[in-house]
1. What number goes with the only condition from (1) of a type in the set (D, E); (2) farther than 27 Å from A:N362 by Cα; (3) without any contact (Cβ under 8 Å) to a residue 60 or more places away in the chain that A:E600 does not pass?
2. Which one is surrounded by the most Cβ atoms within 10 Å (Cβ to Cβ) among residues in the range A:305-334 that are assigned to a helix (DSSP H, G or I) and more than 28 Å from the chain's Cα centre (by Cα)?
3. What are the residues in the range A:642-677 that are facing chain B (nearest Cβ under 9 Å) and under 15 Å from A:Y426 (Cβ atoms), if any?
4. Please determine, by comparing only the residues of the range A:77-92 that are under 23 Å from A:S109 (Cα atoms) and either among the small types (G, A, S) or more than 9 Å from chain B (Cβ to nearest Cβ) (or both), which one is surrounded by the fewest Cβ atoms within 10 Å (Cβ to Cβ).
5. Answer yes if at least one residue in the range B:643-663 is touching a residue at least 40 places away in the same chain (Cβ under 8 Å), assigned to a loop (DSSP other than H, G, I, E, B) and more than 30 Å from B:Y37 (Cα to Cα), and no otherwise.
6. Would you tally the residues in the range B:664-676 being in contact (Cβ under 8 Å) with a residue 24 or more places away in the chain and over 12 Å from B:H485 (Cα atoms)?
7. Could you tell me whether the range A:129-141 includes any residue that is in a loop (DSSP other than H, G, I, E, B) and either closer than 20 Å to A:I230 by Cα or over 24 Å from the mean Cα position of the chain (by Cα) (or both)?
2 protein chains.
Amino acid sequence: MLSYKLYKFFLMNLVGRIIVIVLFMTVSAESFAENGYELWMRYRNIEEKNLASTYINSIKNIQIDRSFPSLKAAADELTLALEGLLGEVPVSDTTLVDGTLIIGTETSSPMIRNLKLSSKIAGTGDEGYIIQNILINGKSCIVIASNTEIGALYGTFHFIRLLQTRQDISELNILEVPKLKFRVLNHWDNLNGTVERGYAGYSLWDWQRLPMYVDRRMIDYARANASVGINGTVLNNVNANSKSLTREYLIKAAALADAFRPYGIKVYLTAKFSAPIEIGGLKTADPLDPAVRKWWKNKVNDIYRYIPDFGGFLVKANSEGQPGPQDYHRTHADGANMMAEALEPHGGIVMWRAFVYENSRNVDRALNGYNEFIKLNGKFNKNVFVQPKNGAIDFQPREPFHPLFGKMTDTPLMMEFQITQEYLGYSTNLVYLAPLFKETLDSDTYTKGKGTTVAKVLEDYQRSNGMSGIAAVPNIGSDINWTGHLFGQANWFAYGLLAWNPQRTAEEIADDWIKMTFNHDKDFINAIREMMILSRETAVKIRGALGLNHIMNFATHYGPGPWYKDNHWDARDYHKADTYGLGVDRTATGSNVVAQYAPELSKLFSDPKTCPQKYLLYFNHVAWGYIMPSGRTLWDELVHQYFKGTDEVTQMRRIWDTMEGKVDAQCFNHVKQLLKAQEDEAIWWRDGSVLYFQTFSKLPIPADLPKPEHELNYYKRIPFPYDWNGIYK
Amino acid sequence: MLSYKLYKFFLMNLVGRIIVIVLFMTVSAESFAENGYELWMRYRNIEEKNLASTYINSIKNIQIDRSFPSLKAAADELTLALEGLLGEVPVSDTTLVDGTLIIGTETSSPMIRNLKLSSKIAGTGDEGYIIQNILINGKSCIVIASNTEIGALYGTFHFIRLLQTRQDISELNILEVPKLKFRVLNHWDNLNGTVERGYAGYSLWDWQRLPMYVDRRMIDYARANASVGINGTVLNNVNANSKSLTREYLIKAAALADAFRPYGIKVYLTAKFSAPIEIGGLKTADPLDPAVRKWWKNKVNDIYRYIPDFGGFLVKANSEGQPGPQDYHRTHADGANMMAEALEPHGGIVMWRAFVYENSRNVDRALNGYNEFIKLNGKFNKNVFVQPKNGAIDFQPREPFHPLFGKMTDTPLMMEFQITQEYLGYSTNLVYLAPLFKETLDSDTYTKGKGTTVAKVLEDYQRSNGMSGIAAVPNIGSDINWTGHLFGQANWFAYGLLAWNPQRTAEEIADDWIKMTFNHDKDFINAIREMMILSRETAVKIRGALGLNHIMNFATHYGPGPWYKDNHWDARDYHKADTYGLGVDRTATGSNVVAQYAPELSKLFSDPKTCPQKYLLYFNHVAWGYIMPSGRTLWDELVHQYFKGTDEVTQMRRIWDTMEGKVDAQCFNHVKQLLKAQEDEAIWWRDGSVLYFQTFSKLPIPADLPKPEHELNYYKRIPFPYDWNGIYK
């Protein structure tokens, strides 16, 4: 803001007058409140003048062939980014000057063809790229080159990220190739616009006005995904609706595919197994029935008429009430292969979910997925992925990796993560998920000796089976800021970068995201990174300390519910609290889940003394008086974890409160309010859980900790007043 | 965009360098794509330098007491507006200089108290204001003064509008008082986030995170409403859910009320008549049952504990399946008065809908509302409004005014309009609704002699009954641009301004909106205004030419359906096409709706020769060969209307296409796509309807017009592929 007096002072001379205008413009730009719509593609003026001028001098002329759709997308993005970051757009002509940026493939760019980079570019595969400084005829140039146009687009986004994060661009020698081929988002969007487990508004897909109207937001969605390398999107919910396969919806999906194509994003659909009955008029969906097989072949051929590069199907079968091949006494492989055969001629794939469990209190649910699918190892068509979740239970705040990883040697597995915070406090809670993703990806399965990490298992399928992949259920919705919680954007961002390269660290991804989203103040970055990295451990302390899990409110998955019990479900099956102790015995004396892991791990997990503390109660039923590494008893340690967790949330609030003025006011208030709500939920979890478990341990709350404010019943009765039944069928 | 060469040229000297920076800032500001979020509160730099400097000199110091919430809102708005429009914010101190802007009430501002404006301010009532230039101690000042803080906020918005529309502010002498007291939006939002007949995304109310989190959007919603004088919002659907009256939801509604309060917006709720049973545990909802009456009293008392200035209830009773007093053989007055008595001590009101009809094919639906309510004239408590729609059928593209207007002499009527385009092509179609609103408001009822317009009837209740009001079902949702179609914003804007003053013209409102939303280019304004004004007549030609109505697709209300027929509903009841002719005989020889109007109108409507052509087929069954004022037969005229309508849409497309470059690219493409979709729907209506009516007229399509491309069945079978059943129960 410029006061009137200052204004008058400047008005006294010409240069002053111009400076006044400059300042006015700055004020004007700042008055745009930050609503989060831009995501990490926030291209604000680089204030470091020297750096900005170095960048300007390094990017004076852009040479790119806009006649290729993906290269046009790259050129458009550069225009937007450079306008924002540097305040100008370089020329784009054929002269070669110092500061020429050349982008493209050997096909699109004669210049690149002449550079003799073929052998290097060859190593970038279908989606990779190189970025390097090259002297051409004595002129300092930067080249972004690839085999494919989409590679060049990815390279362009990488290059823009270098500018956004203020990197030196004078000695670039980058070669990037994605470690996984299929990097997919599984939207759980219903055709009526609601999103199952969606906490950021409603579906992005405007089924009503498609295909007539394609909103600009579809392009921005594609840009965001391409900027982090995501190359596929499953448009609809795995709890599927056959209508999505009717012509009416296919022409709509095709309009989306057209919009996404330049950004390298393929469209996938969920396929309801009973579709041949529901929309095909058949009497059966038996996968060995010739009429059914023919129906799927015809349907798939139809889909490819509308969407020539259709990606394939994601299927949830014989799981939580969804129909599937077992309805006809066929195997999951029979079902998947039927679809796979229809898709194969077109290059499509099947992603067949391994999330199945017997709805029976007599069987440990952690066993089911492995047992069902391990016997089908190698029985699937070559274009089928089996898709387990990261853990065997269900997207919990912490679980050991799914035992199928490393064991499914002959059928490729595609990891499924969850970005939407179904079990992590919705979009109300700030929980940075990269540490969770990393924990699973870095887990050692020992299946081919030490160092056989889950990431390596996933990557190795590329060599052995010709395909590799990863998927995640996004946290994206119609909210202006896309993810409900501004910090939820970091999880979308992190997932994309980790899908491209699981070796990236959670810390460096956080750094990039903070710089791209907020600012470049070192203290700010350090504080926020620390808060983000801490946040996942904080969430675990509150929701699943020491290996506990699945003890949330049954109906909503928000707030605590270790006490929940009905005819079908009893939370005690997940925590087994009794007067002796706490935790689920999944060793040989119990459900023997440990046997599904490599012997090294099985041994480790089976003994409370060697079992990592974070998985202790997942694998072992432990006495309340058991002495933990901290020297405290299990009971005392558990209660301390709850209190530490809530204290950490309070600490997050304090950190954020010091950021007032360092971020836009709207953004500041948004996060401030939500952290308060996060604290409230944490206390509800803490006090409810501690009081509940106390009814078993009969032990006092450690003397150094305060007592809960209310009786147990108070916490049990807290309503989550949302019309869940209206949304979730 | 600034080319590199130009940049180099500027770089040659210091002043040049500064200018370059200036230009960069401009580029940077322009690069913000226009997504429509700002609505008409779009405060872009005034480019006319002389005018801007005049404004700057007239607003050098702002004196306002920010300790009053509504005055703080006014100050915040001025800050935002002046930063945007003028690039600076004036000082705010107590010195009196030329260019002092004084805002407030005699209570908040000693300066205003000293100005001896009391008698003038007294005339502004509870919500009005004066804006005038005054010399104070020889200094040129502008004063915005009122009796209430909200009046000052309204005055501030008016003042900002003067700047946005580039008015002279040197000789202001404005006194504004709203003509109607209650100016309300009736949201049809469900608790699960869907919006009945909503075509702009989903509900704005984040029931999940309220009251913990109040999104910035709530403030922007309130700003938009206050800027056009809307002072009430009914949060939920008239097809009501009792849960909205439970404590869980009341604390959420209270958080919204808190956010809206500084902007003068009261919160109302819909009351489901059966709530005492559903959430009260009673066995009956009989309005004469003492326990029921007590329940409502207690419930209302409860509501006022959470929301001390709660507005009251909107009720849809015994209409389209909703419960009501007639379930207990009581009258609508019995039901309304029960609630009114509970609300009265707190100053709350009841808005009781008159939209009732017998679901019987034997009775002309146009008769029902009048017959049901006219007999209750004067039987309602003094704080009850009866709320009829503008016409007797249902928010059609055109209907004659509802016959209750002018006849309901002893109970105040509150008009209900529909802004959401349920029958006007959703948010896909550009239809400017001010002409529709004006047509009803300006209609002469003749009930107290010539000149007794509907607007006058509404206004006169203020004197006779101490309250007057108007309501509309908004087109607002979670879409970033709020209304789905950018031009839908004009309808929200127009409704507000007409609610404040029904005398405003559709043209001047369009002018203001165009200037505030787009730019100040005269040719642009003229072309767009012309297109907007035309658009409603165009929509009528396509959907209800010559007085036809309610012949849309039965399930979706999008696209044509004059052929629809099932056990409960037959579109022929609304158009009565037969071999003789077309139109519904509502004269004395038919259902005699005409008798519900004043004798002057009854006579006029009953004779095809005197009946306004626009209402011809609403009141008369007319022979296909009847000669119309144009000289054409009814059949030829009807077909011509359909073709003229579609031609006009094509014309709208042409006009818009010439605007490329004159508006932001994102905005341009948005409207361009939608106009194409609008044309497609128009052709579907035209060809389907013409071919259908031809099966009765057996007459050829006039030789000068082209023939439809397909057979009738083709048009009948066009699906509207949206999952309606999933959304609308």
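1. Just one mismatch for A:E600, condition (3).
2. Start the filter on the range A:305-334 by keeping residues that are assigned to a helix (DSSP H, G or I), which leaves A:305-306, A:325-328, A:332-334.
So of that shortlist, the ones also more than 28 Å from the chain's Cα centre (by Cα) come out as A:305-306, A:325-328, A:334.
Numbers: A:R305: 11, A:Y306: 19, A:P325: 23, A:Q326: 17, A:D327: 17, A:Y328: 17, A:D334: 19.
Only one residue tops the list, namely A:P325.
3. A:H670, A:Q673, A:L674, A:K676, A:A677
4. Here is the first cut: in the range A:77-92, the ones under 23 Å from A:S109 (Cα atoms) are A:77-82, A:89-92.
Restricting the remaining residues to those that are either among the small types (G, A, S) or more than 9 Å from chain B (Cβ to nearest Cβ) (or both) gives A:77-78, A:81-82, A:92.
Values: A:E77: 21, A:L78: 24, A:A81: 22, A:L82: 22, A:S92: 16.
The residue in question is A:S92.
5. no
6. Initial filter on the range B:664-676 (in contact (Cβ under 8 Å) with a residue 24 or more places away in the chain): B:664-667, B:670-671, B:674-675.
After this cut, where a residue has to be over 12 Å from B:H485 (Cα atoms) as well, the list is B:664-666.
Going through the range B:664-676 one residue at a time, the tally reaches 3.
7. From the range A:129-141, those in a loop (DSSP other than H, G, I, E, B) are A:137-138; that's our starting set.
Then keep just the ones that are either closer than 20 Å to A:I230 by Cα or over 24 Å from the mean Cα position of the chain (by Cα) (or both); that gives A:137-138.
Yes; the residues of the range A:129-141 include at least one that is in a loop (DSSP other than H, G, I, E, B) and either closer than 20 Å to A:I230 by Cα or over 24 Å from the mean Cα position of the chain (by Cα) (or both).
Conditions (1) at pLDDT below 95; (2) surrounded by 17 or more Cβ atoms within 10 Å (Cβ to Cβ); (3) of a type outside the set (G, A, S); (4) more than 27 Å from the chain's Cα centre (by Cα), marked per residue:
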site: A:W624; (1), (2), (3), (4): no, yes, yes, yes
site: A:D636; (1), (2), (3), (4): no, yes, yes, yes
site: A:V639; (1), (2), (3), (4): no, yes, yes, yes
site: A:H670; (1), (2), (3), (4): no, yes, yes, no
site: A:K698; (1), (2), (3), (4): no, no, yes, yes
site: A:Y715; (1), (2), (3), (4): yes, yes, yes, yes
site: A:K729; (1), (2), (3), (4): yes, no, yes, no
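The values are calculated or read from the model by the stated rules, or taken from the named source; none is laboratory data. Here the structure is a predicted model, which is why all the values come from computation and not from measurement. Don't worry about glycine lacking a Cβ; one is built from the backbone with ideal geometry, like all the others, and counts go over all protein chains shown.
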